[in-house]
Amino acid sequence: MSVPLPEPVVVVASPDDAPAMVEVVHAAFGARPAVDPPSTAGAETVGTIAEALRRGGGVYASVDGRPAGAILVGSTAEGVATFARVSVHPDFQRHGIASAMVAAAEDLAALQGHHRVDLFAREEFGELITFWSHRGFRVARLAPHGVVLSKRLPHAVVLRTGEDTHALGRRLAELVRPGDLVVLSGELGAGKTTLTQGLGEGLGVTGPVISPTFVLSRVHATPGGRPTLVHVDAYRLRGPGELDDLDLDLSAPTSVTVVEWGRGLVEHAWDDRLEVDLLHDPEGGRIALVRPVGDRWTAADLSELGRTAPADEEALRA
């Protein structure tokens, strides 16, 4: 019986992480089958990795203090990020480290002001192309010896004050329609209920919108044929089964459903959703990462939700 690994620690990389990242890149690419032309990953040095981190950035994963994963984040055009040297050490593969790093790298690229990310995948490694497709990447164009995959990144919105968070909710009300799901994540006091109050105001909710922590779910009526607002606090739920007990599927077609603390609980029930992560901004206030999931939201224009935040890598360290 295998012993579960400790949880990986994924951080925004600094040049000080370059030696460990080189170790991961060499081990990961060295374990892959030979290709023609060969990969240039073996030529990476501490110096080249450190310089890439200074130019663009990256993420680094460790497990119990051991080097486990690396991704370099760069750019080829304004607003377009690139992922390169995506590596998981052979000792730690198939433990979810790659998925955790990709999510962190997407957030980092969004905070840097990018709206799309591209990466190159070799045609010989079909399983890697499948991995990326399962994470929302699509073939953008053919390239020598492979394909370029592309994905839309989250929108980063700076929220300096509580009123900014409230206003983001009001702007979101202009985009939602019956059947939509919004999933809010963030630490206690991050502004999840404040955002929901703004959404309710924008929808024309009658009566106050307060946190449903102790009742789990509140239904707020709206006038004039606007969709009902269903507000759920999943903090005390222990799994998707308890969320199912709320019978949200019955109200969903005619409502906008907002679930606080819903990540890991709602994915099985909604293929299309808008995820909003409220992160601490070291300069004050919050940064909202608005992530579209599914055809409904990836086709939506989210540009009016707020301007894209400038580079703010420290927000990911909070």
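The values are calculated or read from the model by the stated rules, or taken from the named source; none is laboratory data. Just so we're clear, the structure is a prediction, and the values are computed from it rather than from any experiment. Cβ: placed from backbone, ideal geometry, glycine included. Neighbour counts: every protein chain shown. To get the accessible areas, we keep the full protein, side chains included, count just its heavy atoms, and leave off ligands, DNA and RNA. Shrake-Rupley method; radii C 1.70, N 1.55, O 1.52, S 1.80 Å.
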Point to revise | the range 64-76 - residue that is open to solvent by 30 Å² or more (accessible area, probe 1.4 Å) and under 26 Å from residue 292 (Cβ atoms) and, of those, modelled with the lowest pLDDT | key: 76
Review point. Of 172, 119, 142, which residue is at pLDDT 95 or above and over 20 Å from the mean Cα position of the chain (by Cα)?
Key: 142
**Study point:** Answer from 147, 157 - the residue that is at pLDDT 95 or above and in contact with a Lys or Arg (Cβ under 8 Å, 6 or more places away or on another chain)
**Key:** 147
Check your understanding: Among the residues of the range 278-289, is any open to solvent by 70 Å² or more (accessible area, probe 1.4 Å), free of Cβ contacts under 8 Å to residues at least 60 places away in the same chain and out of contact with any Asp or Glu (no Cβ under 8 Å at 6 or more places or on another chain)?
Key -> no
Exercise for review: Residue by residue through the range 110-147, note down the ones that are among the β-branched types (Val, Ile, Thr) and either assigned to a loop (DSSP other than H, G, I, E, B) or within 24 Å of residue 300 (Cβ to Cβ) (or both).
Suggested key: 117, 139
Revision key, fill the gap. Per the filter on the range 273-318, residues at pLDDT 85 or above, of a type in the set (D, E, K, R) and assigned to a loop (DSSP other than H, G, I, E, B) are 281, 301
Exercise for review: Just name the residue that is farthest from residue 159 (Cα to Cα) out of those in the range 173-208 that are of a type outside the set (Val, Ile, Thr) and free of Cβ contacts under 8 Å to residues at least 24 places away in the same chain.
Suggested key: 207
Study note, to complete from the structure: Over the range 40-60, the set of residues in a loop (DSSP other than H, G, I, E, B) and in contact (Cβ under 8 Å) with a residue 12 or more places away in the chain is 44, 45, 56, 57
Point to revise | Residues being farther than 24 Å from residue 250 by Cα, part of a loop (DSSP other than H, G, I, E, B) and of a type in the set (D, E, K, R) - total across the range 167-194 | key: 1
Practice item. Look through the range 195-240, keep the residues that are part of a helix (DSSP H, G or I) and either polar (S, T, N, Q) or open to solvent by 40 Å² or more (accessible area, probe 1.4 Å) (or both), and return whichever of them is nearest to residue 269 (Cα to Cα). Key: 240
Check your understanding: Among the candidates 96, 79, which residue alone is among the small types (Gly, Ala, Ser) and open to solvent by 20 Å² or more (accessible area, probe 1.4 Å)?
Key -> 96
Check your understanding: Residues of the range 105-134 being open to solvent by 60 Å² or more (accessible area, probe 1.4 Å) and either polar (S, T, N, Q) or closer than 19 Å to residue 292 by Cα (or both), which ones?
Key -> 115, 116, 130, 134
Practice item. Go through the range 135-167 and give me each residue that's over 28 Å from residue 118 (Cα atoms) and either open to solvent by 60 Å² or more (accessible area, probe 1.4 Å) or touching a residue at least 40 places away in the same chain (Cβ under 8 Å) (or both). Key: 160, 161, 163, 164, 165
Check your understanding: Given the conditions (1) in contact with a Gly (Cβ under 8 Å, 6 or more places away or on another chain); (2) under 16 Å from residue 25 (Cβ atoms), and given that residue 128 satisfies all but one, which numbered condition is not satisfied?
Key -> (1)
Review point. Which residues, taken from the range 5-35, are open to solvent by 30 Å² or more (accessible area, probe 1.4 Å), under 20 Å from residue 108 (Cα atoms) and in a helix (DSSP H, G or I)?
Key: 15, 16, 17
